[in-house]
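The values are calculated or read from the model by the stated rules, or taken from the named source; none is laboratory data. Just so it is clear, the structure is predicted and the values come from calculations on it, not from any experiment. With ideal geometry, Cβ positions are generated from the backbone for all residues, glycine too; neighbour counts draw on all protein chains shown.
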Amino acid sequence: MNDISLTILPETADDASAIDRLNERTFGPGRYAKTAYRLREQVTHRVDLSFTARIGTLMVGSVRLSPVRIGDAKALLLGPLAVEPAFRERGVGQALIERALDEARTKGHKLVILVGDEPYYGKSGFRRVPAGRAIMPGPVDPARLLVAELTEAAFEGVSGPVTPEWETM
């Protein structure tokens, strides 16, 4: 974590405004046009699987997981992952990802997908979804659609459209 003392905490309802502002600073207004954001607008993220990163009382990062389906299989959609620009490349994002994946695994979840850069997310076990196996509901560069198996072979036989999951997981 370099020279910072980072604390990863579960997200609370009181964090919502600060997270919204962080996402706006990180991604700007164009974020609403992205396919993953459009999908997230249809379902509430899982607060029990979402975390903030803090240095003292300063929030410097956030990650959320939202329930989705890939065909008939339940999964989670990771994102947004946001880190204050001044704290990037210091391990904050990776720490948030690892905490979220560990918690999801502990609670029995098997798959997490996201749209992102494989070299970055690959450090946490994400790999490219084979062509045509998962179809997002809008334009997505297929090379950026990634999956992490939280249990061995969890993605085996899974395919289909990625849709919001409204049921309790």
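Within segment 6-25, take every residue that is under 16 Å from the mean Cα position of the chain (by Cα) and of a type in the set (Asp, Glu) and give me the one that is surrounded by the most Cβ atoms within 10 Å (Cβ to Cβ).
Among them, the one singled out is Glu11.
Here's the yes/no breakdown for (1) at positive phi; (2) loosely packed, with under 14 Cβ neighbours inside 10 Å; (3) of a type in the set (A, V, I, L, M):
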{"site": "Leu96", "(1), (2), (3)": "no, no, yes"}
{"site": "Val112", "(1), (2), (3)": "no, no, yes"}
{"site": "Arg127", "(1), (2), (3)": "no, yes, no"}
{"site": "Ala134", "(1), (2), (3)": "no, no, yes"}
{"site": "Glu149", "(1), (2), (3)": "no, no, no"}
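With a cut-off of at least 2 residues that are closer than 21 Å to Val162 by Cα, name the strands (runs of 3 or more DSSP E) lying wholly within segment 47-112.
Values: elements: 51-55, 58-70, 73-83.
In segment 47-112, 58-70, 73-83 are the strands (runs of 3 or more DSSP E) which contain 2 or more residues that are closer than 21 Å to Val162 by Cα.
Go through segment 55-79 and give me each residue that's surrounded by 17 or more Cβ atoms within 10 Å (Cβ to Cβ) and over 19 Å from Leu150 (Cα atoms).
Scanning segment 55-79 gives Ile55, Met59, Val60, Gly61, Ser62.
Where the second residue is of a type outside the set (Ser, Thr, Tyr) and part of a helix (DSSP H, G or I) and the first is farther than 22 Å from Arg128 by Cβ and lies in segment 98-116, which pairs have Cβ atoms under 6 Å and are six or more apart or on separate chains?
Glu103/Leu49
Out of (1) within 22 Å of Ile4 (Cβ to Cβ); (2) buried (at least 16 other Cβ atoms within 10 Å of the Cβ), the odd one out for Asp102 is which?
(2)
Tell me, which residue of segment 114-125 that is part of a helix (DSSP H, G or I) and in contact with a helix residue (DSSP H, G or I) (Cβ under 8 Å, 6 or more places away or on another chain) is surrounded by the most Cβ atoms within 10 Å (Cβ to Cβ)?
Per the criteria, the residue is Tyr121.
Name every residue in segment 108-133 that is more than 19 Å from His45 (Cβ to Cβ) and small (Gly, Ala, Ser), in order of residue number.
Kept after step one, since they are more than 19 Å from His45 (Cβ to Cβ), are these residues of segment 108-133: 117-120, 122-123, 125, 127-133.
Gly122, Gly125, Ala131, Gly132 - these are the residues of segment 108-133 that are more than 19 Å from His45 (Cβ to Cβ) and small (Gly, Ala, Ser).
Restricting the search to segment 119-168, which residues are under 14 Å from the mean Cα position of the chain (by Cα) and of a type in the set (Val, Ile, Thr)?
Val147
Only one of (1) touching a Lys or Arg at 6+ places or on another chain (Cβ under 7 Å); (2) modelled with pLDDT under 90 is not met by Ser50, so which one is it?
That leaves (2) as the condition not met.
Here's the yes/no breakdown for (1) aliphatic (A, V, I, L, M); (2) in a loop (DSSP other than H, G, I, E, B); (3) at pLDDT 95 or above:
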position	(1), (2), (3)
Gly132	no, yes, no
Gly138	no, yes, no
Leu146	yes, no, yes
Gly157	no, yes, yes
